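**Student:** I'd like to ask you about the structure that follows.
Read the figures in this text as sums done on the coordinates, not as results from a lab. Owing to the predicted nature of the structure, the values given are computational and were not obtained by experimental measurement. Note that each Cβ is placed from the backbone with ideal geometry, even for glycine, and that neighbours are counted across all protein chains shown.
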Amino acid sequence: MSSAADMTRLCELFGGMIVETVEFRGEHTLRVQLGALHDVLAKCRNDLAYDMILDISSVDHLGEDPRFEIVYEIASVDDSKRLRVKAKVAADEMVPSATDLWAGADWHEREVWDMMGIAFANHPNLKRILMWEGYPFFPLRKDFPLAGRPSAMPDVAFTGVAPLEGGPFVTFAGGTNTVVREPRARVVE
């Protein structure tokens, strides 16, 4: 079966729980209601041979309700099929964890929690993966200021000049060609 055939099959099985299907430039996207998300993913994993999770990401639709969207990129191991599954998530809702389907979902879900604040129900170890425990903000939300927020740990995140800036291993942005941009082409004095 192909991804397009799988989308048709999932629409037959889940009916009204499928919000939208999109095929664009050979990519297939299925938008589902949050309540059906885990069941759809389980069907993909167990019966349709999507045995690999590539990524889990999220989108902040600030000003819309529901505000967030969770996005799963799944594929067959032989890469003959790929499918994107999306679901809208309100700020106070929990997304069912996919760690019982793909062990690789663990770190992806932790990153989504850490950066966006979207919580996952039944996750075995839902704690921060990039920011420190106790950090009260979610840096990838659209309402997070670009300059950052004051921190009780000022040495952890800095906004000054990066230590390697201008060094021999840093590319030169805006050079006229790749030779000029290449860091080894510059002579460090």
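**Student:** Can you tell me how much longer the chain between Gln33 and Ala4 gets when fully stretched, taken as 0.36 nm per residue apart minus their C-alpha distance, in nm with one decimal?
**Tutor:** My answer for the length gained is 8.5 nm.
**Student:** Beta carbons within 10 angstrom, averaged per residue: use that to sort the peptides 18-24, 74-80, highest first.
**Tutor:** So the order, starting with the most tightly packed, is 74-80, 18-24.
**Student:** How far apart, in nm, are two points set 7 Å out from the Cα along the Cα-to-Cβ line at Asp100 and at Thr21?
**Tutor:** Label-label distance for Asp100 and Thr21, simple model: 2.7 nm.
**Student:** Report the label-to-label distance for Leu13 and Leu140 in nanometres (one decimal), using points 7 Å from each Cα along the Cα→Cβ vector.
**Tutor:** Result for the modelled spin labels: 2.7 nm.
**Student:** Stretched out fully, how many nm does the piece from Val59 to Ile129 gain, at 0.36 nm a residue minus the Cα gap?
**Tutor:** 23.3 nm
**Student:** Could you please report the charge total around Ser57, scoring K, R as +1 and D, E as -1 over all other residues with beta-carbon less than 12 angstrom from its beta-carbon?
**Tutor:** Values: positive: Arg84, Lys86; negative: Asp55, Asp60, Glu69, Glu73, Glu109, Glu111.
Net local charge, Ser57 excluded: -4.
**Student:** Alpha carbon centre of the range 55-108 versus the range 1-16: separation in Å?
**Tutor:** 18 Å
**Student:** Something else now. In debye, nearest 20: dipole of the range 1-74 around its Cα centre with unit charges on the Cβ of K, R (+) and D, E (-)?
**Tutor:** 160 debye
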